[in-house]
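Engineer: Pasting a structure here, questions to come.
We did not get these values from a lab; they are worked out from the coordinates using the rules stated. Everything numeric here is computed off the predicted structure, so don't read it as measured data. So basically every Cβ, Gly included, is an ideal-geometry build from the backbone, and we count neighbours across all protein chains shown.
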Amino acid sequence: MAGSVYARQVRRGAEGKKQALPVLIHGDAAVAGQGVNQEMLNFSNTRGYGTGGTVHIVVNNQIGFTTSDLRDYRSSLYCTDIFKMIEAPIFHVNGDDPEAVALVTQIAMEYRQEFKKDVVIDIVCFRKLGHNEQDEPMVTQPLMYKKIAQHAGTRKLYADKLAAQGVIVAGDAEQMIKDYRAALDEGRHLIDPVISDYQSKFAIDWTPYINVPYTEKCDTTVSMTEMQRLSKRLTTVPDNFTLHSRVQKIIDDRKQMGEGKLPVDWGMAENLAYASLVAAGYNIRVSGEDVGRGTFFHRHAALHDQNRESGTRALSGRCRTSQKTRAASCASTRCCPKKPCSPSNTASPPRRRTNWWSGKRSSATSPTAPRW
Ligand SMILES: Cc1ncc(C[n+]2csc(CCOP(=O)(O)OP(=O)(O)O)c2C)c(N)n1
């Protein structure tokens, strides 16, 4: 989900992180137990994957399937303690108090929009019935479910409160429940949509990809002059940028490869392939911790200044500072490099940008330069 939102943010350009918000709903057992959450949180503030903060809502019914005894359940006090690893604010809120939940949600949203970081709403509540239709939770949680059986339910408590305050009159709540139920049974909209025929300008039209062969032929040749131009660009390093001697040797060799004095090796071929695509207006995302340099010291798509004083200062095709060459606006492998991206295979609003590879302004669609 966070990855999908990241892509949507890229499509939206500079304001993407503000306009597209990831909201994740977790169970209390799943949030503490599933490794994917730890992985996602570790990604949350990285340059190549950060979404500017996810709003996490934990429906904390204090039980996972049938396990609620802390001796069996987990080793931290709160199920949300995993979020402490990124120092996210965590709001523990009483699920029996819908207005408190609404208030906390508002605060959480404002925090996320202001600070562009993850935030957590831990709604402490309970599961009225069992985990599924045939369940009998009393079997495993006799004490807990004796208490739950005496609880009138959040809806009733809140309706009674509103009636006592004079916000609704007695009987209104029952009618609302009946109307809601009837709407569900009749398949009616539960909420009247404000705009019924809204078509997002960022929506992708998948129809060209449905029921067609996946082996469309296309011409991927690149002229020798273009190859030589790209080789020059790839091997030109700014004056104030000092390469490690081993990388310098690779770049020097690549220079000779571009001039036809040495056979082109794997690393150069790869970089030329990326460069030709980027120069043709296609954004490329090569993803992974070591992809800039290359695991086998062969790629060097990102170059590191050996005299840098702080942080990372790298040169790469798409981004000065990241190892990752990022976000494809044209995500489809079926998109032919020789064809201009049509509105159906790219969803980014047109933005002009400069390619480091080509040195020229591109009219191609472009992802947002990440802000960090
Ligand atoms: C990786 C994994 N382990 C175990 C399960 C089995 N399982 C299904 S639901 C569940 C409990 C989930 O509890 P919680 O996250 O609190 O959500 P709840 O159903 O209580 O809302 C478990 C353990 C699973 N689906 N996936």
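Engineer: Would you calculate the separation in nanometres between label points at SER76 and LYS128, each defined as 7 Å from the Cα along the Cα-to-beta-carbon direction?
Structural biologist: Inter-label distance under the simple model: 3.1 nm.
Engineer: Let me ask something additional. Would you mind calculating the gained length between THR220 and ALA100 on full extension (0.36 nm times residue separation, minus the Cα-Cα distance), in nm to one decimal? Mind dumping the intermediate values first?
Structural biologist: Details: separation 120, 0.36 × 120 = 43.20 nm, distance 5.86 nm.
Extra length available between THR220 and ALA100 comes to 37.3 nm.
Engineer: Treat each spin label as a single point 7 Å out from the Cα along the C-beta direction, and report the GLN34 to ALA152 distance in nm.
Structural biologist: Spacing of the two 7 Å Cα→Cβ label points: 3.5 nm.
Engineer: Cut-off 18 Å, label point 7 angstrom out along Cα-to-Cβ of ASP192: give me the residues of the stretch 146-176 whose amide nitrogen falls inside.
Structural biologist: 176
Engineer: Among the listed pairs LYS146/LYS178; LYS128/LYS178; LYS17/LYS84; LYS128/LYS161; LYS116/LYS178; LYS18/LYS84, give every one whose C-alpha distance is greater than 30 Å. Intermediate values should be presented prior to the final figure.
Structural biologist: Working: LYS146/LYS178 28 Å; LYS128/LYS178 20 Å; LYS17/LYS84 22 Å; LYS128/LYS161 20 Å; LYS116/LYS178 41 Å; LYS18/LYS84 24 Å.
Violating the 30 Å limit, Cα to Cα: LYS116/LYS178.
Engineer: Something else: So for MET144, MET257, fewest C-beta neighbours within 10 Å to most, what's the order? Don't skip to the answer; put the middle values down first.
Structural biologist: Numbers: MET144 17, MET257 20.
Least to most surrounded, the residues fall as MET144, MET257.
Engineer: Still on this structure, I have one more. If amide H atoms are built 1.01 Å from N in the plane of the peptide, which residues on other chains or at least 5 residues away come under 5 Å of the amide H of LEU303?
Structural biologist: LEU315, SER316
Engineer: Could you put TYR158, TYR6 in order, starting from the residue whose Cβ has the fewest other Cβ atoms within 10 Å? Could you put the intermediate results ahead of the total?
Structural biologist: Numbers: TYR158 15, TYR6 23.
Taking fewest neighbouring Cβ atoms as first place, the list is TYR158, TYR6.
Engineer: For the pair LYS18 and THR207, how long in nm is the line joining their label points, each one 7 Å along Cα→Cβ?
Structural biologist: With each label placed 7 Å out from Cα toward Cβ, I get 3.4 nm.
Engineer: With θ set to phi - 60°, apply the Karplus curve 6.51 cos²θ - 1.76 cosθ + 1.60 along the stretch 270-286 and write out the HN-Hα couplings as whole Hz, x wherever there is a Gly or Pro.
Structural biologist: 3J(HN,Hα) across the stretch 270-286, in whole Hz: 4, 5, 5, 4, 4, 4, 5, 5, 4, 5, 7, x, 9, 7, 10, 10, 9.
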